[in-house]
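Data first, discussion second: the structure below is written as structure tokens.
The values are calculated or read from the model by the stated rules, or taken from the named source; none is laboratory data. Fair warning: this is a prediction, and the values are worked out from it, not measured in the lab. Note that we place each Cβ from the backbone using ideal geometry, even for glycine, and neighbour counts take in every protein chain shown. Surface areas here come from the heavy atoms of the whole protein model, side chains and all, with no ligands, DNA or RNA. Shrake-Rupley method; radii C 1.70, N 1.55, O 1.52, S 1.80 Å.
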Amino acid sequence: MSKIRNADLYESGERKIEWVRQNMPILRNIQEEYSDSKPLKNIRIALSIHLEAKTAYLCKVLSSLGAQMYVTGSNPLSTQDDVAAALVKAGLNVFAWYGATKEEYFDHLRCVISSQPNVIIDDGGDLVNLIHNEYPELIENVLGGCEETTTGIIRLVSMHREGKLRFPMIAVNNADCKHLFDNRYGTGQSVWDGINRTTNLIVAGKTVVVAGYGWCGKGVSMRAKGFGAKVIVTEIDPVKAMEAVMDGFEVMPMTEAAKRGDFFVTVTGCKDVITKESFKNMKNGAVLCNAGHFNVEINLPELEEMSVRTFEQRNNIMGYEMPDGRIINVLAEGRLVNLAAGDGHPAEIMDMSFAIQALSAKYLVEHRGEIETGVIDVPKEIDREVALRKLGFWGTKIDVLSPEQEKYVNSWNV
């Protein structure tokens, strides 16, 4: 049971999945270790993550651990049709295609939820919101779930605060092996992969404005600096703004930064980060893109209303001509530039994030009925296990405390 664009595309998708499999040793090791015991046997998993090769390999690993997989994408422009076809060929249930309309996107989410899942693996909170709002009768089947992103966790915390969340959700994004590496190094590289691939413009010597200095913003800023750009950071948090200054970046409001920027990257998780007040001040040829989860950080309705003409400059670049002749360029419709205009994070980075997803799903099943409803942290033993596995594959060894040292660091009376 699936809804995909073209089942005949599977061979290309299989090659993509095999490439990432070769470069995701932690997930590969988990698959080898647990494929016989099948700790997820008879567990139905509803998954909504950007549907490209790395996600597909996670789905295949979960399936090999015994899970029945029901898969969709978390963004209409990040789904790769050949990858979806490869998963269907492998016997998984997939409901997704590239360029889905809003109606089609939510239809695909509903197909996944209709499987009556036991575990939900979400990216941005759409599956969790949908099952609570439209399918409350299915909640009794849910043991819990895992959330991949900062944005999704914000939504979950809000639900729990209002007493609406009805099952435990593991905040995968908050794991050290996720946000310290995926958000910083993964986003930092993949955002610029998407920008450079799409624009074919030089970064060195230009001014890059990064909105938001969380872990993703830190990564984007660091990579821009490495390319030789001058970096300006905009922030609402005084502590993060201070960090940016001490990291060597200028900090100012967006309306001021708008006058100087050549490239703009939003990574805040909020809406209306760049609006008409900033559009008025931008240079001719400014390039705008978003790396936050939803396509609301750049106010495109305001930009379109201000423009006298919109036209496609090249694939995935829309030009907006202002009344004074300036052209402002927006990449990938303001959606996630690293996925809508690229292949997403490097496989080695997602190996850690998706290993945490797989082990967290296993933890939910093994501790069913023991976990309280709410947003919970990834167990420290899972974070540590992933880190140790990664170091092992790198051939890196670390020190171990002696019993005397253990006693010393855990004692107050020394």
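For the range 307-318, residues that are in a strand (DSSP E or B) and open to solvent by 90 Å² or more (accessible area, probe 1.4 Å) total 3.
Looking at LEU339, LEU388, LEU364, just one residue is within 27 Å of VAL267 (Cβ to Cβ) and not in a strand (DSSP E or B), and that residue is LEU339. When we screen ASP351, ASP399 for residues that are open to solvent by 10 Å² or more (accessible area, probe 1.4 Å) and either in contact (Cβ under 8 Å) with a residue 12 or more places away in the chain or assigned to a loop (DSSP other than H, G, I, E, B) (or both), the only hit is ASP399.
Of everything listed in (1) under 20 Å from ALA56 (Cβ atoms); (2) more than 19 Å from the chain's Cα centre (by Cα), the single unmet condition for ASP126 is (2). For the range 268-287, taking the residues that are open to solvent by less than 50 Å² (accessible area, probe 1.4 Å) and out of contact with any Leu (no Cβ under 7 Å at 6 or more places or on another chain), the one that is modelled with the lowest pLDDT is identified as GLY269. Looking at the range 221-232, which of its residues are without any contact (Cβ under 8 Å) to a residue 24 or more places away in the chain and either under 12 Å from VAL267 (Cα atoms) or in a strand (DSSP E or B) (or both)? Listed by number, the list is empty, since nothing qualifies.
Against the test of being surrounded by fewer than 21 Cβ atoms within 10 Å (Cβ to Cβ), in contact (Cβ under 8 Å) with a residue 60 or more places away in the chain and more than 30 Å from SER63 (Cβ to Cβ), the options GLU304, GLU321, GLU333 yield a single qualifying residue, GLU333. One residue stands out in the range 1-49 among those that are assigned to a loop (DSSP other than H, G, I, E, B) and of a type in the set (A, V, I, L, M, F, W, C): the one that is surrounded by the most Cβ atoms within 10 Å (Cβ to Cβ), namely ILE49.
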